[in-house]
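Notes for the one structure printed next.
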Amino acid sequence: MKSRFSILAILFIGCVLIGYRVHYSNLGAEKKAFSITQWDAFGYYHYLPATFIYHDLKTWKWADDIDRKYNVTGGGGLPVVALDNGNKVCKYLGGVAILQLPFFGIGHCIAGLAHYPQDGFSAPYQYSLAFGAILYSLLALVLLMVVLRRFFSDVVTAVTLILLTLASNFLQYSAVH
């Protein structure tokens, strides 16, 4: 196999990402549940529960209850601008929500089967979105590996991938936040 070390590097990175995610998820702990849909992430994600669960992209009547229950705004208030007609518009665009859609669907199914609230923010949604981000990160690394292998040796590519992920804030943004 031409890219043996590069593939091993990606597998190693995947294990590290999953390990970080599990560690920061407080699995089995009595701590407050983790939330990857807080602050700005809520603004990007809200389109999915608003569309598929609450059927309300205009008035956000559901959002205050969700914020009280899950603290999705982190205390900063909803990321909306109120219009003269009473509707509200979010300041974040919906592109991230499109990428999160498959994992939202998985979380929704798991929530229903495991008897969690199907509100878009309970634990199955959080875990599905968190591991979805890891999957996208690994797919990006595979793409980077393919490009780097066109110009560099397998060992150089593997070392580059490891340094890029473990010596930067890549871990924080792909596995924790």
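Observations on the model:
- The numbered conditions (1) open to solvent by less than 40 Å² (accessible area, probe 1.4 Å); (2) closer than 21 Å to Ala123 by Cβ; (3) assigned to a loop (DSSP other than H, G, I, E, B) are all true for Pro49 except (3).
- Some residue of segment 133-145 being at pLDDT 95 or above, more than 25 Å from Tyr20 (Cβ to Cβ) and open to solvent by 30 Å² or more (accessible area, probe 1.4 Å): no
- Considering residues of segment 56-69 that are in contact (Cβ under 8 Å) with a residue 24 or more places away in the chain and under 14 Å from Gly43 (Cβ atoms) only, the residue surrounded by the most Cβ atoms within 10 Å (Cβ to Cβ): Ile66
- Complete set of residues in segment 121-132 that are among the aromatic types (Phe, Trp, Tyr) and open to solvent by less than 20 Å² (accessible area, probe 1.4 Å): Phe121, Tyr125
- The residue that is farthest from His108 (Cα to Cα), among those in segment 157-168 that are open to solvent by 70 Å² or more (accessible area, probe 1.4 Å) and modelled with pLDDT of 95 or more, is Val159.
- Residues satisfying the stated conditions in segment 74-120, i.e. over 21 Å from Ser174 (Cβ atoms) and among the hydrophobic types (A, V, I, L, M, F, W, C): Leu78, Val80, Val81, Ala82, Leu83, Val89, Cys90, Cys109, Ile110, Ala111, Leu113, Ala114
- Of residues in segment 84-120 being in contact (Cβ under 8 Å) with a residue 60 or more places away in the chain and closer than 17 Å to Gln38 by Cα, the one surrounded by the most Cβ atoms within 10 Å (Cβ to Cβ): Gly120
- Condition met for Gly120 (within 14 Å of the chain's Cα centre (by Cα), of a type outside the set (Lys, Arg) and farther than 22 Å from Leu11 by Cβ): yes
The values are calculated or read from the model by the stated rules, or taken from the named source; none is laboratory data. No experiment lies behind these values; they were computed from the predicted model shown. Neighbour counts run over all protein chains shown; Cβ positions are idealised from the backbone, glycine included. When the accessible area is computed, the model is the full protein with side chains, heavy atoms only, and any ligands, DNA or RNA have been set aside. Shrake-Rupley method; radii C 1.70, N 1.55, O 1.52, S 1.80 Å.
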